[in-house]
1. When you check residue 347 against the structure, is it at pLDDT 95 or above, closer than 21 Å to residue 138 by Cα and surrounded by 18 or more Cβ atoms within 10 Å (Cβ to Cβ), yes or no?
2. If residue 385 passes every condition in (1) surrounded by fewer than 19 Cβ atoms within 10 Å (Cβ to Cβ); (2) modelled with pLDDT of 95 or more; (3) within 26 Å of the chain's Cα centre (by Cα) but one, which one does it miss?
3. Hey, can you tell me all the residues within region 284-328 that are outside any strand (DSSP E or B) and free of Cβ contacts under 8 Å to residues at least 24 places away in the same chain?
4. Residues 188, 134: which one is touching a strand residue (DSSP E or B) at 6+ places or on another chain (Cβ under 7 Å), modelled with pLDDT of 95 or more and either crowded, with 18+ Cβ neighbours inside 10 Å or over 30 Å from residue 315 (Cβ atoms) (or both)?
5. Please state which of the following conditions residue 163 fails to meet, knowing it meets all the rest: (1) assigned to a strand (DSSP E or B); (2) over 30 Å from residue 237 (Cβ atoms).
6. Need the failing condition index for residue 132 against (1) over 20 Å from the mean Cα position of the chain (by Cα); (2) part of a loop (DSSP other than H, G, I, E, B), just the number.
7. Return the total of residues in region 329-341 being exposed (fewer than 15 other Cβ atoms within 10 Å of the Cβ) and free of Cβ contacts under 8 Å to residues at least 40 places away in the same chain.
8. Between residues in region 115-130 that are at positive phi and residues that are modelled with pLDDT of 95 or more and surrounded by fewer than 21 Cβ atoms within 10 Å (Cβ to Cβ), which pairs lie under 9 Å by C-beta distance while being six or more apart or on different chains?
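The values are calculated or read from the model by the stated rules, or taken from the named source; none is laboratory data. Quantities reported herein were computed from a predicted structural model and do not represent experimental measurements. Cβ: placed from backbone, ideal geometry, glycine included. Neighbour counts: every protein chain shown.
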């Protein structure tokens, strides 16, 4: 019953999610796909639903399609969506290189298939019907991770896509496709925890006074800490930063399988005293250490790590996982009482991180800088260094 309820919640969210200050619209339906090599010969398009990969029938081996496909979809924009608003396309993952076009104009590109990216399209769309086109390619390249490895790089828009609609001034969704708030914790113990909450702002219209209010809530929605920072904003900026510091006395620590307790952090952007944007993120407060002689310690106590490697793929769907597959995997992990899962060999889809936090599972997550070795190549290819740094930032943020 819990799983069924979770699926219903996920389905409801996937249709449309309206917040008080921004709107999320999923764009997983209505796509067609055809090979780019045939796009000028009036090739027949195939209707597909995202997440999608053209390699879903391959389960192992190196003999699979590494090519470029063209995804197309109509995007309807209303007066309400356009007037005084900003529009962003958010891709959770396109394997491996994506070129995005809106109304036959380049909107942006992204290298790397296992991290999200976000592109603003406000000035590229008009009221009415708009044309979205994504060229997705998983051909081998020396400038895109991975350059080797014992897993298939399954091509396609293999993770969900959504449209984000914000006000002209907002918490930035396009800072490395992060939530726009970055939470770090320090000096954590049973007596106190210090949180540094960095908010990335995107200010288009400088008028009036701005402030950022950060609030921490416990599981029962009781306020445990709050900080308001007044901003001195004199010019428009794509990205500006605000840092709030909050102390949580006697924190309820996240304690793995024993007690995976999560707080909630809410960050609000205010303009002339009125909230114009808001983001919420879960937070587990904990501290840990590693000793070569004594092992892993969670919250000052020994904590045994045993579990699995996991790939972000599934029989019959390839890497185009839905919430159904993520829920099945996390139930198997919980059934085995695994305390840790290594996400091999690349950042996995966002659901597994959230489900693991709630289940008390510790994660090892990594970028696909695989080598030396692989099927055909050895060593390090210098061209890929910049992409490795980019992917690392995107994974962390």
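1. Considered against the rule, which asks whether it is at pLDDT 95 or above, closer than 21 Å to residue 138 by Cα and surrounded by 18 or more Cβ atoms within 10 Å (Cβ to Cβ), residue 347 comes out as yes.
2. (2)
3. In the first step, residues of region 284-328 are kept if they are outside any strand (DSSP E or B); the result is 284-287, 292-294, 299-300, 303-306, 311-313, 315-317, 319-328.
Of everything in region 284-328, those that are outside any strand (DSSP E or B) and free of Cβ contacts under 8 Å to residues at least 24 places away in the same chain turn out to be 292, 293, 294, 325, 328.
4. Selected residue: 134, the only one of 188, 134 that is touching a strand residue (DSSP E or B) at 6+ places or on another chain (Cβ under 7 Å), modelled with pLDDT of 95 or more and either crowded, with 18+ Cβ neighbours inside 10 Å or over 30 Å from residue 315 (Cβ atoms) (or both).
5. All conditions are met except number (2).
6. Here residue 132 meets the rest and fails (2).
7. Result for region 329-341: 3.
8. Here the result reads 128/76; 128/77; 128/78, each pair linking region 115-130 to a residue that is modelled with pLDDT of 95 or more and surrounded by fewer than 21 Cβ atoms within 10 Å (Cβ to Cβ).
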